[in-house]
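The values are calculated or read from the model by the stated rules, or taken from the named source; none is laboratory data. Only a predicted model underlies this, so the values are computations on that prediction, with no experimental measurement involved. Cβ: placed from backbone, ideal geometry, glycine included. Neighbour counts: every protein chain shown.
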Amino acid sequence: MIPFAAVLLLLAASVASAAEYRGPIIDAHGHVPNATAVDAYVAAMKKHNVTRVLLLGVGGVQKDDVAWIAAAAKKHPGVVVPGAPVADPSDAGVAKAAEALDALKARALGEVHGRQVSRKIDRDPARFGKLFELAASRGVPVIIHLELTDAAAKQLEAALAAHRKTTVVIAHGGEGPPARVEGLLARNTNLFFDLSGMHFQRKPALATETGPLDPAWKAVIEKHGDRFLMGIDVWAPRLFEPPTLDKLMAWTRRILGEIKPEVAERVASKNAAALFKLE
């Protein structure tokens, strides 16, 4: 029998020797906290071969999201992909989102907050009918922050079943667990998950800063490789400091390098390019 310590050493050596993903990355979930932060982010993108970033609103937290996203897209055309902020999914909120969709020529709607425990938000996605209809009519996906429980997952499935022409992306992997995510993907062809905000600075994470990709997450990502998007989810000003961006982007490449190469390529960029209709 191999001693446990030796197993750990072998595992560490395997992780260390894994080839870092070298291809292009599309950050499918980003934000800006002010009008100028995007410059630091774009500089880091160029350094790490992150070719595009989808900028989203922060669910009504920031009143200037539309203006900031518009300015960022104008300053960095072809790099910044605008999303239309959705402050709330009410009829009035959807009307404003439609205006933003037109003004920004946006490729997605969101991020809209469905269930976020820290902000005491708990909305049933089945009530997002107007928003889903808007998304389907314009051919853009809706990105939803939805911290899943079994009850919230049932609500989500009911909404997906009622709006099969609408593509829904659940942010942050719905915070898992992988078995729940796998079941939802298997039953709902109009559902995607982004892996944003699941880096080593937050919990739950796909991996620690230096440790291996969680095996259960790796299995579901490889099984449904056409349904996941990579994202980093920076928002707070401290995350835009160059050393922090370097760490986050290097970690992202390391994690992608642990996935089968053909799947890594899809998760890193091809799925996002298709979903957001990017040339």
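Tabulated values for the structure
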| read-out | value |
| --- | --- |
| Number of positions in segment 65-87 that are farther than 17 Å from P33 by Cβ and surrounded by fewer than 18 Cβ atoms within 10 Å (Cβ to Cβ) | 4 |
| Condition check for A250: hydrophobic (A, V, I, L, M, F, W, C), surrounded by fewer than 20 Cβ atoms within 10 Å (Cβ to Cβ) and closer than 23 Å to E209 by Cβ | yes |
| Count of residues meeting criterion [in a loop (DSSP other than H, G, I, E, B) and under 17 Å from A28 (Cβ atoms)] in segment 208-231 | 6 |
| Residues satisfying the stated conditions in segment 49-73, i.e. without any contact (Cβ under 8 Å) to a residue 40 or more places away in the chain, under 22 Å from S269 (Cα atoms) and not in a strand (DSSP E or B) | N49, I69, A73 |
| Cross-chain or 6+ apart pairs with Cβ under 9 Å, segment 203-227 first and within 16 Å of P177 (Cβ to Cβ) and among the aromatic types (F, W, Y), then part of a helix (DSSP H, G or I) and at pLDDT 95 or above | W217/G173; W217/P178; W217/V181 |
| Residues that are at pLDDT below 95 and in contact with a strand residue (DSSP E or B) (Cβ under 7 Å, 6 or more places away or on another chain), drawn from segment 59-97 | G59, P89 |
| A136 more than 18 Å from the chain's Cα centre (by Cα), within 26 Å of D214 (Cα to Cα), assigned to a helix (DSSP H, G or I) and not aromatic (F, W, Y) | no |
| Selection from segment 177-202 of residues that are free of Cβ contacts under 8 Å to residues at least 40 places away in the same chain and either of a type in the set (S, T, Y) or on the phi > 0 side of the Ramachandran plot (or both) | T189 |
| R107 under 25 Å from K75 (Cβ atoms) and either touching a residue at least 24 places away in the same chain (Cβ under 8 Å) or outside any strand (DSSP E or B) (or both) | yes |
| Residue among A205, A161 that alone is assigned to a helix (DSSP H, G or I) and at pLDDT 95 or above | A161 |
| Neighbours by Cβ (under 8 Å, 6+ apart or cross-chain): first from segment 115-142, in contact (Cβ under 8 Å) with a residue 12 or more places away in the chain and within 13 Å of A97 (Cβ to Cβ); second assigned to a helix (DSSP H, G or I) and among the charged types (D, E, K, R) | K130/D91 |
| D246 being in a helix (DSSP H, G or I) and of a type outside the set (A, V, I, L, M) | yes |
